[in-house]
Each structure stands twice: as C-alpha cells, then as structure tokens.
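The values are calculated or read from the model by the stated rules, or taken from the named source; none is laboratory data. For clarity, every value in this text was computed on a predicted model and none was experimentally measured. Cβ sites come from the backbone with ideal geometry, for glycine too, and all protein chains shown count toward neighbours.
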Amino acid sequence: MRIVSFLPSATEIVCDLGLENELLGVTFECSWPSGVKAGREIVVNTFIDPSLSPGEINSFVSERFRQGLSLYKIEDSALQRCDPDLILSQDICGVCAVPVGDIDAAAARLNCHAEILQIDPHTLEDVIASIGAIARAAGVEERGNVLMSQLSARLKEVRKKVENFVPPSVFVLEWIEPEFSSGHWVPDIISSAGGKPLLANSGSDSVVVTWDAIRKADPEIVFVAPCGYNLDESVEQAKSILDKLPNCQVWAIDADAVIVRPGPRLIDGVEAIAAALHGVGAVRPEIIQRVR
C-alpha cells in the first residue's frame with residue numbers, strides 16, 4: 001500500500017496504525033510524529049505567508065476566496081513520484097487543508113487512479129470513527145479497531161472522573177483577528193473534560209463572535225487555541241487579549257497538537273483540559289499553560 005496524506009491528522013493516524021513505511025507523501029504542515037517529513041515527498045504547500053499576523057492572514061484568506069483561488073498548491077511532481085494507491089483528504093474546511101475537489105483534479109491530470117478517501121469528522125466520536133475508515137482502506141482493520149478501543153476507553157475514563165464535578169463555563173477562542181468561537185469536535189472536548197462550552201455547538205462550524213458577546217457570555221475560563229499555532233505562539237496570543245477579558249482565567253493550548261487536528265491526540269487534549277479544570281490527572285505543561 002502506497003499512501004499519501006493531505007491532512008496532518010491523517011498523517012498522525014497512519015503512523016499510529018503502524019503504517020509509517022507505507023506513507024510516502026505528506027503536507028508542509030505535518031509535524032507529528034516528530035520528523036515525519038524526513039525522506040518523504042511534500043505533496044502540498046501553502047500560499048499563506050506564515051510571518052503574517054492573524055488579522056493579515058484573515059484578510060489574505062478572504063481575498064483569495066473572493067477571487068476563487070485556493071490557499072494551497074498541490075505539488076504535481078511530488079504526487080506523481082509517490083504513485084499512491086490511497087490518498088487521504090478532507091472537504092470540511094477549505095482554510096485548513098486542500099479541498100477534495102482540488103485533489104480530484106490533480107489525480108485526473110496526473111492519470112492517478114488512487115482511492116481518494118475523504119475524512120470529514122464533525123464530532124469527537126466521528127474523529128475516533130475516522131480511524132476505522134482509514135484502517136479499513138489501508139487493509140489494517142484490526143489495528144484500527146484496537147486503536148479506536150484504546151481511545152474510547154481513555155475518553156470514557158476521563159468522563160467518569162469528572163462526572164460529579166460542577167462544570168465551569170468555558171469559551172475556546174480559535175482565532176483572535178477576527179474572534180472565532182470553537183466548532184465541530186471542540187465543544188465535545190470541553191464537555192468530555194468536565195466543562196460547559198459557551199458560544200459553540202457540537203458538530204457545527206466555528207463562527208465569528210465579538211469581544212462583547214464573549215464578555216456577555218461571562219466565561220469562567222477561556223482557552224486560547226488558535227488554529228495553526230503551537231503552544232508558544234498560543235501563549236503570546238493569549239497574553240495579547242488579557243485586557244479584553246479581565247474577569248476570567250486564561251489558558252493557552254497547543255492547538256495543532258490537541259485541539260484543531262482531528263486525530264488521536266485530541267484525547268490527550270481532553271485529559272489535559274480535565275486536569276486544568278478539575279485537577280483530575282496531570283496538567284501537561286508541554287501542551288497547555290495557564291497565562292492568568
């Protein structure tokens with residue numbers, strides 16, 4: 001099986017399934033497991049300048065979409081060298097990854113006959129189920145069943161530990177310019193960790209909110225988890241919004257590791273947030289830090 005991943009989360013799943021040797025192509029964003037890009041083809045790059053501020057990135061993305069242009073460039077020659085049997089893609093967010101239509105077009109122009117598996121989880125349970133879908137497509141269904149069982153057991157254990165605590169109200173900020181609430185599986189992460197998610201609905205898109213709306217919701221705890229940023233960058237962004245939310249705890253999270261990428265490490269996020277909210281288990285300072 002020759003596998004190409006157009007999703008950082010799918011790359012993580014493939015590696016957790018023990019298929020590293022079959023993984024030939026990854027994206028410029030794939031960062032886990034550490035060193036995963038070494039020796040592999042980079043099949044997609046971005047037109048977004050990473051040095052831009054969040055507000056500048058938002059303006060750039062909006063203008064590209066207004067013009068009907070993609071945010072990503074598929075590297076045809078790299079994809080062709082991979083000659084994949086299985087391509088892992090998504091169509092849930094044109095900002096987060098290459099839309100599946102662009103991959104279909106690339107496969108057609110390269111005369112590539114790979115199976116293109118579209119992974120579009122909306123809830124935390126969907127994320128776990130997507131592992132099974134990838135495992136079946138890669139011919140390792142039993143490995144997928146084992147990994148899904150392990151993750152479900154960990155999730156059940158955290159939910160049991162926090163079930164008798166009073167859930168604090170929690171707002172998750174996924175972007176700061178403009179302000180975006182959390183969406184899709186993130187409210188499930190908060191609920192599973194023993195929190196009450198504010199201005200967010202499980203399975204729904206992330207939406208633009210205002211600082212006034214956030215203050216009116218009166219969260220006890222705010223998690224700053226900007227999409228595409230690591231912990232150090234999240235800490236800096238969290239510090240920049242302290243004056244806007246003076247009456248609550250503020251934490252920063254490594255969003256790419258445990259919040260926005262729908263892979264196995266989301267359960268690490270549930271465990272770390274449960275520790276932050278209720279003292280259950282160990283707070284993981286390498287992925288979550290209190291800023292105030």
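Scanning region 104-132 for residues that are buried (at least 20 other Cβ atoms within 10 Å of the Cβ) and closer than 25 Å to Ile259 by Cβ returns Ile119, Pro121, Leu124, Val127, Ile128, Ser130, Ile131. Quick one: would you say Pro168 is in contact with a Pro (Cβ under 6 Å, 6 or more places away or on another chain) and either closer than 17 Å to Ile267 by Cβ or in contact (Cβ under 8 Å) with a residue 40 or more places away in the chain (or both)? No: the conditions fail for Pro168. When only residues in region 20-47 that are hydrophobic (A, V, I, L, M, F, W, C) and out of contact with any Gly (no Cβ under 9 Å at 6 or more places or on another chain) count, which is surrounded by the fewest Cβ atoms within 10 Å (Cβ to Cβ)? Looking at residues that are hydrophobic (A, V, I, L, M, F, W, C) and out of contact with any Gly (no Cβ under 9 Å at 6 or more places or on another chain), I get Ala38. Ile190 satisfies every condition listed in (1) in a loop (DSSP other than H, G, I, E, B); (2) over 21 Å from Leu52 (Cα atoms); (3) touching a residue at least 24 places away in the same chain (Cβ under 8 Å) except (1).
Restrict the check to region 133-142 and report whether at least one residue is in the same structural domain as Cys227 (by TED's automatic domain parsing) and exposed (fewer than 14 other Cβ atoms within 10 Å of the Cβ). Within region 133-142, not a single residue is in the same structural domain as Cys227 (by TED's automatic domain parsing) and exposed (fewer than 14 other Cβ atoms within 10 Å of the Cβ). In region 4-49, the residue that is modelled with the lowest pLDDT out of those that are out of contact with any Cys (no Cβ under 6 Å at 6 or more places or on another chain) and among the hydroxyl-bearing types (Ser, Thr, Tyr) is Thr46. Of the residues that sit in region 152-163 and are crowded, with 20+ Cβ neighbours inside 10 Å and within 21 Å of the chain's Cα centre (by Cα), which one is nearest to Ile273 (Cα to Cα)? Here the residue is Val158. Each residue in region 201-219 was checked for being modelled with pLDDT under 95 and surrounded by 16 or more Cβ atoms within 10 Å (Cβ to Cβ), and 2 pass. Is it the case, given these coordinates, that Ala200 is outside any helix (DSSP H, G or I), in the same structural domain as His278 (by TED's automatic domain parsing), among the small types (Gly, Ala, Ser) and free of Cβ contacts under 8 Å to residues at least 60 places away in the same chain? Here the answer is yes, as Ala200 does meet what is asked. Are any of the residues in region 93-100 surrounded by 17 or more Cβ atoms within 10 Å (Cβ to Cβ), free of Cβ contacts under 8 Å to residues at least 24 places away in the same chain, in contact with a Ser or Thr (Cβ under 8 Å, 6 or more places away or on another chain) and of a type in the set (A, V, I, L, M, F, W, C)? Yes, region 93-100 contains a residue that is surrounded by 17 or more Cβ atoms within 10 Å (Cβ to Cβ), free of Cβ contacts under 8 Å to residues at least 24 places away in the same chain, in contact with a Ser or Thr (Cβ under 8 Å, 6 or more places away or on another chain) and of a type in the set (A, V, I, L, M, F, W, C). Just to be sure before I move on: is Ile288 under 12 Å from the mean Cα position of the chain (by Cα), aliphatic (A, V, I, L, M) and surrounded by 22 or more Cβ atoms within 10 Å (Cβ to Cβ) in the structure I sent? So Ile288 does not fit the description; no.
Of the residues making up region 230-240, those that are surrounded by fewer than 22 Cβ atoms within 10 Å (Cβ to Cβ) and either of a type in the set (Ser, Thr, Tyr) or out of contact with any strand residue (DSSP E or B) (no Cβ under 7 Å at 6 or more places or on another chain) (or both) number 6.
Being assigned to a loop (DSSP other than H, G, I, E, B), in contact with an Asp or Glu (Cβ under 9 Å, 6 or more places away or on another chain) and modelled with pLDDT of 85 or more is the filter; apply it to region 71-98 and report the residue that is nearest to Ile134 (Cα to Cα). Only one residue fits best here, namely Asp85. For region 30-45, the set of residues classified as within 21 Å of Ile103 (Cα to Cα) and in contact with a Leu (Cβ under 9 Å, 6 or more places away or on another chain) consists of Cys30, Arg40, Glu41, Val43, Val44, listed by residue number. Residues in region 63-86: is at least one acidic (Asp, Glu), exposed (fewer than 14 other Cβ atoms within 10 Å of the Cβ) and over 17 Å from Glu41 (Cβ atoms)? Yes: region 63-86 contains one or more residues that are acidic (Asp, Glu), exposed (fewer than 14 other Cβ atoms within 10 Å of the Cβ) and over 17 Å from Glu41 (Cβ atoms).
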